[in-house]
Amino acid sequence: MTFRTIETEGPLRLVVVGAGGMGRAWTRTIQADPGTELVGIADLSAAAAESAAAETGIPGLAVGADAVELARRTGADAILNATIPEAHHSVTTAALLAGIPVLGEKPVAASVAEGLSLAAAAEYTGQLFMVSQSRRYHRSLFTVKRQVAALGVVGVVAVEFFKAPHFGGFRDEMASPLLLDMAIHQFDMARFLLDADPVSVSCEEYNPAWSWYAGDAAATAVFAMEGGARFTFNGSWCSPGFETSWNGAWRISAERGTVLWDGDGEPDSAPETSVADAEDPGHEIAGSLREFVAALRFGTEPMGRVHGNVMSLAMVEAAIESAAQGRRVAIDDVLERSYESALATERNAEVLGVLKSWPSVRDALSR
């Protein structure tokens, strides 16, 4: 499936939507990339937009409440959606229907159903919608992938994630803070390492007695993956002492050996494997931005294209459902219910037509 490319000369002109902490991180990243130019900041709060604009140091940087209007006013080539997840669908849909490509923060949307709607909107408009799964962009992760490929069939991909952040704010009140706000990173990284999608999951979440979170801040999940491998996630967001990397600590067991990675440094393999140096994908959101620009310039398929990303959110929804119901959950059941919900709630006739044309959700997402 192709998408429209951009042939204008000079840096890619971008409007950032959302003037919170993540939006400001993106404005700094755009300013540091010679291939991009920040031309505006949109936020429903005029004060927040003005504050973020002042922080950039760009004289007269345009601001506004409506992302599409601001993009048209500034001649932006694309929009970067750094709003809260609940706004991802509306902001991205408006941009795509206006003929503007979008790079969005994870998750793709607040629900898998909304993610399917956005995939259909991208198909209908022919515009690129890419989701920034920023933790894929780490050179050592690419090295791990190459080492694993040299060890034959993979049996187990296991990650431990133990941190103790005191965020304050909305995360402290979420029902499933670890699974909803963080685990999607490791779930997505496992899909990347295996080149495989999930089949089913069994998950338990719980809250240690000393937890400062209202909801369950710890979870253990076991995913059956295509090809027969198992991916296990064991984590806690209230685990002080000997904390892991934000990427987690990984162990991949294959038929001819094992790869260990602490999430930060270089991986180790036993037996030692000689692999070509991994390409540098860029680091975290800077890598996402670089790949987005290359995709729009040259038509190359980016890792985070919406069709390839929805399944990572499906893993989150399935894990939460499994924990709530105390049973194994099939990913296809989550996809089918989400598809029916997308059909029932879609308000754009053309996007609805695309949804109805799909032979199956998995087939559509593999395009």
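Structure notes:
- Part-to-part distance (alpha-carbon centres) for region 1-74 and region 181-221, which is given in Å: 32
- Our coupling estimate for region 133-140, obtained by passing each phi through the Karplus curve with A = 6.51, B = -1.76, C = 1.60 and θ = phi - 60°, is 8, 5, 7, 5, 8, 8, 4, 5 Hz, Gly and Pro reported as x.
- Accessible-area value, residue 268, 1.4 Å probe, nucleic acids and ligands omitted, Å²: 100
- About its Cα centre, the chain has a charge dipole of approximately 320 debye under the convention of +1 per Lys or Arg Cβ and -1 per Asp or Glu Cβ, with nothing else charged.
- Order of exposure, largest accessible area first, which applies to 210, 261, 246 with probe 1.4 Å: 210, 246, 261
- Once backbone amide H atoms are built at 1.01 Å from N, residue 36 has 12 as its partners under 5 Å, excluding neighbours fewer than 5 places away on the same chain.
- Rounded accessible area of residue 138 (nearest 10 Å², 1.4 Å probe): 20
- Long-range tail of P(r) for region 42-161 (Cα pairs > 26 Å, %): 39
- Inverse mean reciprocal Cα-Cα distance (Kirkwood Rh) of the chain, Å: 21.2
- Angle in degrees between helix 46-56 and the longest Cα principal axis of the chain, rounded to the nearest 10: 80
- Rounded to whole Hz, the Karplus (6.51, -1.76, 1.60) HN-Hα couplings of region 145-161, x for glycine and proline: 4, 5, 5, 4, 4, 7, 9, x, 5, 8, x, 9, 10, 10, 9, 10, 10
- Kirkwood estimate for region 172-279, i.e. one over the average of 1/r between Cα atoms, Å: 15.4
- Electrostatic dipole magnitude of region 41-92 [Cβ: Lys, Arg +1; Asp, Glu -1; Cα centre; debye, to 20]: 140
- Qualifying trypsin sites (Lys or Arg not before Pro) for region 301-351 [loop in DSSP, other Cβ within 10 Å: at most 11]: 327, 347
- Annotation: amide H-H contacts under 5 Å for residue 239 (H modelled 1.01 Å from N, sequence separation of 5 or more, or interchain): 163, 164.
- Ranking by accessible area, most exposed first, for 174, 189, 1 with a 1.4 Å probe: 1, 174, 189
- Candidate cross-link partners of residue 356 among the aspartates and glutamates, defined by an alpha-carbon separation under 20 Å and a same-chain spacing of 8 or more, comprise 114, 123, 332, 333, 336, 340, 346.
- Exposure of residue 253 as accessible area (Å², to 10), given a probe of 1.4 Å and all protein chains: 50
- Note on region 266-344: Cα-only Rg and Dmax are 18.4, 53 Å.
- As a length-normalised measure over Cα pairs under 8 Å and 6 or more apart, the relative contact order of the chain settles at 20 percent.
- Environment charge of residue 189, counting only residues whose C-beta is closer than 9 Å and scoring Lys/Arg +1, Asp/Glu -1: +2
- Largest to smallest in accessible area, the residues 202, 132, 90, 274 fall in the order 274, 90, 202, 132 (1.4 Å probe, all protein chains included).
- Over region 230-367: Rg over Rh, Cα atoms, Kirkwood Rh: 1.03
- Summing +1 for each Lys or Arg and -1 for each Asp or Glu among the other residues whose beta-carbon sits under 15 angstrom from that of residue 326 gives -2.
- Computed from backbone phi with θ = phi - 60° and the Karplus coefficients 6.51, -1.76 and 1.60, the 3J(HN,Hα) list for region 199-205 is 10, 7, 8, 10, 9, 10, 10 Hz; x is used for glycine and proline.
- Amide H within-cut-off set for residue 104, under 5 Å, with H built and near neighbours excluded: 81, 130, 131, 132
- Here region 1-104 yields Rg over Rh of 0.94, to two decimals, using C-alpha coordinates and the Kirkwood radius.
The values are calculated or read from the model by the stated rules, or taken from the named source; none is laboratory data. What you are looking at is a predicted structure, and each value in this text was computed from that prediction instead of being measured. Note that we place each Cβ from the backbone using ideal geometry, even for glycine, and neighbour counts take in every protein chain shown. Just the protein is used for accessible areas: all its heavy atoms, side chains included, with ligands, DNA and RNA removed. Shrake-Rupley method; radii C 1.70, N 1.55, O 1.52, S 1.80 Å.
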